[in-house]
Amino acid sequence: MNRYTESDERRALRREVAKLAGTYGREWFTRKARAGEKTTELWLEIGRAGYLGVNIPEEYGGGGGGIGDVAAVCEELAAQGCPLLLMVVSPAICGTIISRFGTDEQKRRWLPGIADGTGTMAFAITEPDAGINTHNITTSARREPATDAGLEAGWVLNGRKIFISGIDEADHVLVVARTEDAATGQVKPVLFVVPTDADGLEARPIPMEIVSPEQQFQVFLDDVRLPADALVGDESGGLAQLFAGLNPERIMAASFSTGLARFALDRAAAYARQRTVFRGPIGTHQAIAHPLAQSKIEIELARLMTQKAAALCDAGDDAGAGEAANIAKYAAAEAACDAVDRAVQTHGGNGITQEYGMAGLLVATRAGRIAPISREMILNFVAMHSLGLPKSY
Ligand SMILES: Cc1cc2nc3c(=O)[nH]c(=O)nc-3n(C[C@H](O)[C@H](O)[C@H](O)COP(=O)(O)OP(=O)(O)OC[C@H]3O[C@@H](n4cnc5c(N)ncnc54)[C@H](O)[C@@H]3O)c2cc1C
């Protein structure tokens, strides 16, 4: 093995996941999405097989691997046309934060379900007014003393979240709220695991144009009362805990994009090899072949950077991983948008039929330029941190 080849174990993992996802396939996935149904069978099957929680510590029911492993699973599912967005959230963001900062009791309570898919956890940071400027979130956490009526001391959450993926499929949601530092008055982020059936929590679906079984929701938190041990990590160190989830989030989002890009490109190349309208298949024409070759190059570059980011993250180099994960996420989203657009064009009219399913990928890949962090904010990050330019926002 050399430095640029993944380990035999990782490659075997990719093959096994691709095989399993291939038994479901794009047509099954799209049918489920259009019927408003869920893809729970696939979620639970990858959970049972140990792929969903491959990055969760072994002692809590996981595979003991790293972000690079779970990112490979995410990519291979998408490359078979079965992208599972909740992988970004449940095992990668929530699983990483709880593994790193949860108490033993919290790890025992939540990680096994995250690992085998029976206890999925959503993640809620975005708010309607704060948008991508998460420093401005207003969801508040207030300490609450024990009551005479017998309620234990704990916390009360109030606020509103938006675009929260898959809360209807999750038992819990990891909510980012804020408390005020008593000494300085500065806002500190704090994280709470909230049961999705808690009194005072309401989720309303947002009609989206994405062809996906996983939906986005507005979430209302009105006087949601939580026990003291719902708080994950240190009350005063919330920023470090939150940041621990960000590199995995970006690496997973990049893998989601490169997987979808590979899927679209494979279908486009197959179509270009067989579709004939003048002399020879349309792939003979460089106007068709070159854009597809360009996509191959862009996807491979994005994959390489994603693997680098994952390797740095798994080696504990959070700063190095931060730059690489942002670059990977940017490159992967761009590669995916372009690959799908070219795949649609290659298919001609068939590119926008439901039968061929290419146009249905346009919005899913386009979302990669916006979420979980937008391309503009990545450019801001690179300008500032990689190039030393003044902060622009
Ligand atoms: C499919 C999908 C799933 C999602 N899932 C989740 C989830 O599970 N949990 C969760 O918490 N959130 C989730 N989100 C929310 C996502 O993280 C946000 O949409 C994203 O952070 C952008 O925030 P916004 O939509 O409010 O855009 P805004 O913050 O309103 O930004 C609008 C535009 O302005 C640009 N902009 C803003 N400020 C600047 C600046 N200083 N410089 C340059 N450009 C700027 C942005 O880049 C963007 O293009 C999801 C979103 C989508 C689309």
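The values are calculated or read from the model by the stated rules, or taken from the named source; none is laboratory data. Source: prediction; values computed, not measured. No Cβ is skipped: glycine too gets one built from the backbone with ideal geometry, and neighbour counts run over all protein chains shown. To get the accessible areas, we keep the full protein, side chains included, count just its heavy atoms, and leave off ligands, DNA and RNA. Shrake-Rupley method; radii C 1.70, N 1.55, O 1.52, S 1.80 Å.
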- [ ] Would you pull out the residues with amide H under 5 Å of LEU84's amide H, same chain only if 5 or more places away, H placed 1.01 Å from N?
- [x] ALA78
- [ ] Give the long-range amide H neighbours of LEU52: residues separated by 5 or more places, or on another chain, with amide H under 5 Å away, using H modelled in the peptide plane at 1.01 Å from N.
- [x] GLY47
TODO: Read phi for every residue in the stretch 220-225 and hand back ³J(HN,Hα) as whole Hz from Karplus 6.51 cos²θ - 1.76 cosθ + 1.60, θ = phi - 60°, with x for Gly and Pro.
DONE: 10, 10, 10, 6, 7, 8
TODO: Please name which of LEU111, LEU191, PRO281 has its Cα lying farthest along the dipole of the chain towards the positive end, using unit charges on Cβ (Lys, Arg +1; Asp, Glu -1) and the Cα centre as origin.
DONE: PRO281
- [ ] Give me the distance between the Cα centres of the stretch 198-266 and the stretch 1-26, rounded to whole Å.
- [x] 26 Å
TODO: State whether the stretch 304-366 is rounded, prolate or oblate according to the following rule on the C-alpha gyration tensor (a ≥ b ≥ c being the square roots of its eigenvalues): a/c under 1.5 gives rounded; otherwise a/b larger than b/c gives prolate, and the remaining case gives oblate.
DONE: prolate
Task: Spread of Cα-to-Cα distances over 5 Å intervals beginning at zero, given as percent, for the stretch 117-220 - done: 2, 12, 20, 22, 18, 13, 7, 3, 1, 0
TODO: May I have the convex hull volume per residue, in Å³, for the Cα set of the stretch 2-147?
DONE: 175 Å³
Open item on the list: Viscosity 1.567 mPa s, temperature 4 °C: what is the translational diffusion coefficient of the stretch 279-393 from Stokes-Einstein with a Kirkwood Rh over Cα pairs, rounded to a whole number of µm²/s?
Closed with: 82 µm²/s
Task: Charged-residue dipole, Cβ positions (Lys, Arg, Asp, Glu), the stretch 202-310 about Cα centre, Debye nearest 20 - done: 1140 debye
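How large is the direction-averaged shadow of the alpha-carbon convex hull of the chain, in nm²?
On the way: hull surface 84.2 nm².
Spelled out: convex hull of the Cα atoms, projected over all directions, averaged, 21.1 nm².
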Open item on the list: Just to confirm my numbers, what's the Cα centroid distance between the stretch 132-193 and the stretch 296-353 in Å?
Closed with: 33 Å
Task: Surface per residue (accessible, 1.4 Å probe) for the chain, Å² - done: 46 Å²
Task: Length-normalised contact order of the chain in % [C-alpha pairs under 8 Å, at least 6 apart] - done: 15 percent
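When a/c reaches 1.5 or more, the comparison of a/b and b/c decides; with that in mind, is the stretch 265-337 rounded, prolate or oblate per its Cα gyration tensor?
Prolate shape, in that a/c is at least 1.5 and a/b is the bigger ratio.
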Open item on the list: Under a Cβ-only charge scheme (Lys and Arg +1, Asp and Glu -1), can you give me the dipole magnitude of the chain about the Cα centre, in debye to the nearest 20?
Closed with: 1760 debye
Open item on the list: Give me the net charge for the shell around LEU362: Cβ to Cβ below 15 angstrom, other residues only, Lys and Arg +1, Asp and Glu -1.
Closed with: +1
Open item on the list: Computing the accessible area with a 1.4 Å probe over protein heavy atoms, can you report the carbon and sulfur percentage for the stretch 294-358?
Closed with: 55 percent
- [ ] Note the full-extension length gain between ALA228 and SER7 as 0.36 nm times their separation in residues minus their Cα-Cα distance, in nm to one decimal.
- [x] 75.3 nm
Task: Packing rank of 142-155, 346-359, 111-124, where each peptide gets the mean count of other beta carbons within 10 Å, highest leading - done: 111-124, 346-359, 142-155
- [ ] With springs connecting C-alpha atoms under 10 Å apart, model the chain as a Gaussian network and identify which of VAL156, VAL232, VAL73 has the largest mean-square fluctuation.
- [x] VAL156
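Measure up LYS161/LYS188; LYS32/LYS296; LYS161/LYS329 against 27 Å on the Cα-Cα distance and list the ones that go over.
LYS32/LYS296
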TODO: Collect residues whose amide H, placed 1.01 Å from N in the peptide plane, falls under 5 Å from the amide H of PHE123; neighbours closer than 5 in sequence don't count.
DONE: SER165, LEU174
Open item on the list: In whole percent, and with a 1.4 Å probe on the protein chains, what portion of the accessible area of the stretch 1-96 is carbon and sulfur?
Closed with: 47 percent
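Give me the percent relative contact order of the stretch 75-228, please, defined on Cα pairs under 8 angstrom at least 6 residues apart. Display every interim value, and only then the final one.
On the way: 283 pairs, mean separation 33.4, N = 154.
So the answer I get is 22 percent.
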Open item on the list: I'd like the per residue volume of the convex hull spanned by the Cα atoms of the stretch 33-113, given in cubic angstrom.
Closed with: 85 Å³
- [ ] Once you have the Cα-Cα distance between ALA315 and THR40, take 0.36 nm times their residue separation minus that, and quote the gain in nm to one decimal.
- [x] 95.7 nm
